[in-house]
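K.L.:
So that we are looking at the same thing, I have put the structure below in structure tokens.
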Amino acid sequence: MRVLLVDDEEEFVSTLAERLSMRGIEAVWTTTSLEAIERAESEIFDLAVLDVKMPKIGGFALKDKLQDKQPDMKFIFLTGYGSEQDFKSISAMLGADYYLVKPVDIEALIDKMKKIL
Amino acid sequence: MSPETSGHLFNYRRIWRSVVLLTGGVALVPLIVITIVDYKVTQQSIESEILMRTTRIVSNTRRAISFFLSERRSALEFIAQDNSFESLNDPKRLLSILENLQKSFGGGFVDIGVIDSSGNQRNYVGPYELEGRNYLDQEWYSEAVDHGVHISDVFLGYRQVPHMVIAVKRVMPDGSFCILRAAIGITPFEELLSNLELEGMGDAFIINYEGILQTPSRYHGKVLDKLSLEIPSYSNKSEVFEVKDSDGQDAVIGYRFIDKTPFILMIVKSKQELMRSWFGTRLELIAFLIISVTVILTVILGTATFMVKKIKIADKRRVMTLHEIEYANKLASIGRLAASVAHEINNPLAIINEKAGLIKDLFIYKKEYSQNPKLNKVVDDILRSIKRAGTITRRLLTFARNLQAEIQPIILNDVIEEVLNFLRNEAEVRDINIDVDISEDIPMFESDRGKLQQIFLNIINNAFAALSDGGSLKIEAMLTGDGAVSIEFTDNGCGISQENLMHIFEPFFSTRRSEGGTGLGLSITYNLVREIGGRIVVTSEPSKGTRFTITLPIRNSENEGEADESIIGG
């Protein structure tokens, strides 16, 4: 499983990537949407975990761009704003497979990833 | 409403008073002025009409009397000149003259006599035995001798019957003279005067210059009595004046001096009787004024009360709406602040979570740390705290978001729990026991989640304020028979007095004003409940506790707005 992690908080995203790697999941991380788009041009990812709120290109816009390049890619959104319940209705509308609210329980995240793939 | 609760609104009593005084003044002052003017004008016109009528009667009567006397005087003058002294002294001739006079002039002539220059009656025809009588010392005789003709006062004379005398002097060619004298009875005057149609208890009579009655008066005495009223001063035309009679009553007196006679014609009328028609008009005017004033005042008072009440209600509603908006804005601001803080905290919290998670992972994957129970416990504690903090921020965000929510499916238990989550900390600190019992058969129903949160928050906050530390609050929810859900909040706090209970939902009513109460919490709650189609009832007993019962329709979209309020003292 190759996962692309995108979040403007480097401390968060790098640590999350390291912890996923420890659990045998190949996680690539970037802190900008532009870098993520570049990576997606050269590498194949099964899944992207995107922060909703990012500078320049937000999570939802990034999802569309990534999907253009890799239509089979699945998506999980992360946000520090609201609760899982709040996003139940809109996440389906936006084509997200799951919505998780920070701080994230890593076991719950892996559980969702397994469910998608 | 007490001054405390209405103090900052307008002074409606003053507005009411001003409106009543202003409109009352504008309407009543012209009415009263016009009525007074009309009163005076009508009174004056009736009075002057009475005086004019009296003057006219006096003039007409004077003319008749004057004519009566001058006709008889002229007849006597003619007879005196037309007959020789001898024929006048002939009893037959004199009888014929008397009969002719009586025939030609009707009543009046009683007798006729001829008196010589010595005052002796030489010839006489009439009903009395007066022949040979001497009249030298009689006033009328000397007047006739001096002036040639004389009309006397009424007097009794030798016959002892009231009469007057018309005496005419006949001078002979030799210079001697005789007096032709006729006695006129007062009956013709009496008839003339009594035939007058006099209104107002009118009394017509004749007096002489000394005020002696020459004809009988209906109210002022018999013939030859002295008149009790004042004798009018001389005037050559008909006059009218007002006096008080001997009984103290106002009287109108019309009089006229009759030329060449010693007579004054008097017509006396009772003013009260004359003004009787005025009294009727006056009563009508006063009744009109009283009825008009009553109607105007009733309309003004009614309208002013109605309008001021309307203004008061509108003002109260306006102020309430402003406060509601302010309150809603405040809540929304708190919500935004909470959401923003939660969001800002969530990001660093997420980093801490990942870092601590990494440490834990390292402990698990690196054997040298996994055996250290103390380090493991420290990391677990950190992770547990992060989870707790995450729960708090999540609740904050959920609550803030729901404040703006509109109609949506509601699970009652969730909403109550969300609200309680905010208050549990205070409950723990103050050792308040919260017992929640939500019946499981309550279905999901549609309502405004944000409003429900505010309602529950207000009522529970209110209960907390009434509770002393260690008190208890019971929240029960159950279905009622008529398809509604009833939620009861029962505390064992200080309770509310019967008097305060009556005003509990009124805006600006507060029993905790000194502690910063605005007096708006429960009135806003009441309005919110009404807005979502529910009812709120409060029962309370001082020092035992209070129970708020909210009844919400399971489907509220059809019967929204049918709220009512009932208060039962406990």
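The values are calculated or read from the model by the stated rules, or taken from the named source; none is laboratory data. In this text the structure is predicted, and so the values were computed from the model without any measurement. Counting neighbours? That spans all protein chains shown, and the Cβs are built from the backbone with ideal geometry, glycine included. What goes into the accessible areas is simple: the full protein's heavy atoms, side chains included, and nothing from ligands, DNA or RNA. Shrake-Rupley method; radii C 1.70, N 1.55, O 1.52, S 1.80 Å.
K.L.:
May I ask you to derive the FRET efficiency for B:Val171 and B:Gln272 from their Cβ-Cβ distance with R0 = 45 Å, giving the value to the nearest 0.05? Could you put the intermediate results ahead of the total?
P.N.:
Values: r = 55 Å, r/R0 = 1.23.
FRET efficiency, B:Val171 to B:Gln272: 0.20.
K.L.:
Per residue of B:351-362, count partner chain C-beta atoms within 10 Å of its C-beta, then hand back the mean as an integer. If you can, show how the numbers build up before the last one.
P.N.:
Details: counts 10, 4, 8, 14, 4, 2, 10, 7, 1, 2, 8, 3.
Mean shielding count: 6.
K.L.:
Here's a follow-up. Average partner chain C-beta neighbours within 10 Å, per residue of A:20-27? Walk me through the intermediate numbers first.
P.N.:
Working: counts 1, 1, 6, 2, 0, 0, 0, 0.
Taking all residues of A:20-27 together, the mean is 1.
K.L.:
Given the Cα-Cα distance of B:Val378 and B:Thr187 and 0.36 nm per residue of separation, how much length would full extension add, in nm?
P.N.:
On the way: separation 191, 0.36 × 191 = 68.76 nm, distance 14.97 nm.
Result for the pair: 53.8 nm of gain on full extension.
K.L.:
Amide H of B:Asn123 versus every other amide H placed in the peptide plane: which residues, excluding those fewer than 5 positions away on the same chain, fall under 5 Å?
P.N.:
Result for B:Asn123 returns B:Val114.
K.L.:
Near the amide H of A:Leu47, under 5 Å away, which other amide H atoms are found, from residues 5 or more places off or on another chain, if H is placed in the peptide plane?
P.N.:
Here the answer is A:Arg2, A:Leu4, A:Lys74, since their amide H atoms fall under 5 Å of that of A:Leu47.
K.L.:
With r as the distance between the Cβ atoms of B:Phe279 and B:Asn195 and R0 = 30 Å, compute the FRET efficiency 1/(1 + (r/R0)^6) and round to 0.05. Display every interim value, and only then the final one.
P.N.:
Working: r = 28 Å, r/R0 = 0.95.
Efficiency, from the Cβ-Cβ distance: 0.60.
K.L.:
Right, here's the next one. Using each residue's phi in segment B:63-79, evaluate 6.51 cos²θ - 1.76 cosθ + 1.60 at θ = phi - 60° and report the 3J(HN,Hα) Karplus result to the nearest Hz, with x for Gly and Pro.
P.N.:
4, 5, 5, 4, 4, 4, 6, 5, 4, 6, 5, 4, 4, 5, 4, 4, 4
K.L.:
Given a 1.4 Å probe and the protein chains all in place, what does the accessible area of B:Val379 round to, in Å² to the nearest 10?
P.N.:
For B:Val379, the solvent-accessible surface is approximately 10 Å².
K.L.:
Report the net charge of residues surrounding B:Lys316, where surrounding means a beta-carbon distance below 14 angstrom and charges are Lys +1, Arg +1, Asp -1, Glu -1. Walk me through the intermediate numbers first.
P.N.:
On the way: positive: B:Lys309, B:Lys310, B:Lys312, B:Arg317, B:Arg318; negative: B:Asp315, B:Glu324, B:Glu506.
Result for the neighbourhood of B:Lys316: +2.
K.L.:
Highest mean first, what order results for B:227-239, B:383-395 on Cβ atoms within 10 Å? Numbers along the way, then the final one.
P.N.:
Details: B:227-239: 13.8, B:383-395: 16.5.
Those peptides, ordered most packed to least, come out B:383-395, B:227-239.
K.L.:
Using only protein heavy atoms and a 1.4 Å probe, how much accessible area in total is buried between B and A, to the nearest 100 Å²?
P.N.:
Working: alone 30950 and 6420 Å², together 35210 Å².
Summing both chains' loss of accessible area gives about 2200 Å².
K.L.:
Would you mind calculating the gained length between B:Asn421 and B:Gln44 on full extension (0.36 nm times residue separation, minus the Cα-Cα distance), in nm to one decimal?
P.N.:
Working: separation 377, 0.36 × 377 = 135.72 nm, distance 9.11 nm.
Length difference between fully extended and current span is 126.6 nm.
K.L.:
While we're looking at this one, here's another question. Report the Cα centroid-to-centroid distance between segment A:6-23 and segment B:438-458 in angstrom, as an integer.
P.N.:
41
K.L.:
Counting alpha carbon pairs within less than 8 Å and at least 6 residues apart, what relative contact order, in whole percent, applies to segment B:232-286? Don't jump to the answer; show the numbers that get you there.
P.N.:
Working: 67 pairs, mean separation 14.4, N = 55.
Once normalised by length, the contact order is 26 percent.
K.L.:
Quantify how strongly other chains surround peptide A:103-114 by giving the mean number of their Cβ atoms within 10 Å of each of its Cβ atoms.
P.N.:
Values: counts 19, 5, 6, 6, 1, 0, 0, 0, 0, 0, 0, 0.
Average neighbour count from other chains, rounded to a whole number: 3.
K.L.:
Run the quick spin-label model on B:Asp315 and B:Arg93: label points 7 Å from Cα toward the beta carbon, then report their separation in nm to one decimal.
P.N.:
11.3
K.L.:
Give a residue-ordered list of calculated ³J(HN,Hα) values for segment B:431-444 (Karplus: 6.51 cos²θ - 1.76 cosθ + 1.60, θ = phi - 60°; whole Hz; x for Gly, Pro).
P.N.:
Karplus-based 3J(HN,Hα) across segment B:431-444 equals 6, 8, 8, 10, 10, 10, 9, 9, 4, 6, 7, 6, x, 5 Hz.
K.L.:
Carbon and sulfur together cover what percent of the accessible area of segment B:352-440 at a 1.4 Å probe radius?
P.N.:
On the way: 2850 of 5370 Å².
Carbon with sulfur: 53 percent of the solvent-accessible area.
K.L.:
OK, next. Whole number in Å², please: accessible area per residue of the protein assembly as shown, 1.4 Å probe, ligands, DNA and RNA not counted. Walk me through the numbers on the way to the answer.
P.N.:
On the way: 35210 Å² over 687 residues.
About 51 Å² of surface per residue is accessible.
K.L.:
Moving on to the next point. Below 8 Å between Cα atoms, with a sequence gap of 6+, how large is the relative contact order for chain B in percent? All intermediate terms of the calculation are to be shown ahead of the outcome.
P.N.:
On the way: 840 pairs, mean separation 50.5, N = 570.
Computed over chain B, the figure is 9 percent.
K.L.:
Then there's this: Of the cross-linked pairs A:Lys53/A:Lys114; A:Lys56/A:Lys112; B:Lys103/B:Lys226; B:Lys40/B:Lys244; A:Lys112/B:Lys474; A:Lys115/B:Lys387, which ones have a Cα-Cα span greater than 31 Å in the structure shown? Before the final figure, lay out the partial values.
P.N.:
Values: A:Lys53/A:Lys114 25 Å; A:Lys56/A:Lys112 28 Å; B:Lys103/B:Lys226 35 Å; B:Lys40/B:Lys244 22 Å; A:Lys112/B:Lys474 40 Å; A:Lys115/B:Lys387 23 Å.
Where the Cα-Cα span goes over 31 Å, the pairs concerned are B:Lys103/B:Lys226; A:Lys112/B:Lys474.
K.L.:
Another question, then. On a C-alpha basis, how far is the centre of segment B:95-123 from the centre of segment B:136-166 in Å? Whole number, if you could?
P.N.:
Comparing the Cα centres of segment B:95-123 and segment B:136-166, I get a distance of 14 Å.
K.L.:
Report, by chain and number, residues whose modeled amide H sits under 5 Å from the one on A:Met54, excluding near sequence neighbours (fewer than 5 apart, same chain).
P.N.:
HN-HN under 5 Å from A:Met54: A:Gly59.
K.L.:
Further question on the same structure: In whole Hz, what ³J(HN,Hα) sequence does segment B:454-467 give by Karplus (6.51, -1.76, 1.60; θ = phi - 60°), x for Gly and Pro?
P.N.:
Values, residue by residue: 5, 4, 5, 4, 4, 5, 5, 4, 4, 5, 4, 5, 7, 7 Hz.
K.L.:
Would you mind getting me the FRET efficiency between B:Asn11 and B:Ile34? Use the beta-carbon distance for r and R0 = 22 Å, nearest 0.05.
P.N.:
Working: r = 34 Å, r/R0 = 1.55.
According to the calculation, E is roughly 0.05.
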